[in-house]
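What follows is a set of notes on a single structure, which appears directly below.
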Amino acid sequence: MAQTFSASELKQIYDFALDLGRRAGRILIEGVEKRTGDVGEREEGGVGGGQREKMNAVDIVTQTDLDVEAFVKGEIERVYPGHKFIGEETYSAGSSKEYLIDASPTWVVDPLDGTVNYTHLFPMFCVSIAFVLNHVPIIGVIYQPLLDTTYSSLVGYGAWQDDGKVGGKRKRLPLVNGPKAVLPREAPKGCIFSCEWGKDRRDTAGGNMWRKVDSFVNMAAEIGGRGGKGGMVHGMRSLGSATLDLAYIAAGSFDIWWEGGCWEWDVAAGIAILREAGGLITTANPPANPETDPIEEVRLGSRLYLAIRPAGDSEGETGRQAQERVVRETWKRVRALDYARPGA
């Protein structure tokens, strides 16, 4: 039986997660400082000892990742000892790839999403913290420490950029909100399309990388091109972080996000924020009949995601109808991806 929480209890958990994300982000910044030489060298043996220990970039990134997860897990266990915890590092260390989330109160954490960006000191990396209940992410916190930007949500409370605690002003998501921006009538034309290359780089005909590239070209090509599949999107963006892709969709900065291969810690916080902002998220893979088959909300753990930004109503079309229209137009242009996993 799923546990229930009062509104005040959920608000306390949300405030705790916001603060925890900021504190975890400081550890990532300390790792950057080590990389840039500010605190990267440590003398041992006392004054005049002369022995200096240096860590290479890969070691620093790996250790920082582990340190952030250990810190976040420790704080959650201290404050909420009855809750479950699933983190990328501890999960990846095991041999099972099964879907492990159940109805229990569960924290799903990616201590460092955008590891390659972090390694190259590109600022699109973040801490991602989600609180999941009965398989549904109901709290999401994404903290981008190098830019000092927070994205967060609590079900029924709203989705927000920044928390207003450090001299900044909290902004409701999506950023264009009075009214929400409508989706283009000829979408995907006029849309910003967000996508990632992913880790599966096998150069195999018909493999995931080839299917992704074919889909990218379909979305980008001129109208009428590619056998009628050309979408002529306004632009294509790849941030290198699925978590931040979802945050930018929730903000309305991106219109469409299409991806396969993500794990639940990559998306849980972003799904919570996107849904609370009014976005739609369904499966990446087109059904047998893209124009008529039902559009269902995606299940956490499916590894296949198509997200559409929050949308305003227009003459003759509600925001939800517009989102579903863009889903169907995207399905017509993308290839099915193969990212199966047990138990999802």
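Most tightly packed first, judged by the mean number of other beta-carbon atoms within 10 Å of their residues, the peptides 293-299, 197-203 read 293-299, 197-203.
DSSP beta bridges confined to segment 173-307 are antiparallel in about 55 percent of cases. Packing here is the average count of other Cβ atoms within 10 Å per residue, and on that basis the peptides 212-222, 72-82, 227-237, highest first, run 212-222, 227-237, 72-82. When the pairs 11/169; 97/332; 34/171; 11/84; 11/171 are compared against a 21 Å limit on Cα-Cα distance, 97/332; 34/171 fall above it. The modelled label-to-label distance for the pair residue 197/residue 29, using points 7 Å beyond Cα in the direction of Cβ, is 3.1 nm.
Quote to one decimal, in nm, the extra length available between residue 172 and residue 332 on full extension: 0.36 nm per residue of separation minus the C-alpha distance between them. If you can, show how the numbers build up before the last one.
Details: separation 160, 0.36 × 160 = 57.60 nm, distance 3.24 nm.
Roughly 54.4 nm would be gained on extension.
In deg cm²/dmol, rounded to 500, what helix-only [θ] at 222 nm does the chain give when every DSSP H run of at least 4 residues adds -39500 (n - 2.57) and the total is split over its residues?
Working: 9 runs with 117 residues, N = 344.
Mean residue ellipticity at 222 nm (helix-derived): -11000 deg cm²/dmol.
Rounded to 0.05, the FRET efficiency of the residue 292 and residue 214 pair, given R0 = 25 Å and the Cβ-Cβ distance, is 0.60. With Cα atoms as the point set, the chain shows a radius of gyration and Dmax of 20.8, 77 Å.
Hey, could you get me the Stokes-Einstein D for segment 257-310, Kirkwood radius over alpha-carbon pairs, 37 °C and 0.692 mPa s, rounded to whole µm² s⁻¹?
On the way: Rh = 11.4 Å.
So the translational diffusion coefficient is about 288 µm²/s.
Give me the log10 of I(q) over I(0) for segment 164-308 at q = 0.09, 0.21 Å⁻¹, as the Debye formula computes it from C-alpha points; what are the numbers? So the normalised log intensities are -0.29, -1.50.
Taking the number of Cβ atoms within 10 Å of each Cβ as an exposure proxy, the fewest-first ranking of 170, 303 is 170, 303. Computed from label points 7 Å out along Cα-Cβ, the spacing between residue 9 and residue 104 is 1.6 nm.
Could you sort 304-310, 141-147, 286-292 so that the peptide with the highest average Cβ count within 10 Å comes first and the rest follow in order?
On the way: 304-310: 26.3, 141-147: 22.4, 286-292: 12.0.
Listed from highest to lowest mean packing, they are 304-310, 141-147, 286-292.
Any read-out appearing in this document is the output of simple, stated calculations on the displayed coordinates, not a laboratory observation. Remember, predicted model here, so these are calculated numbers, not experimental data. Every residue, glycine among them, receives a Cβ derived from its backbone with ideal geometry; neighbour counts consider all protein chains shown.
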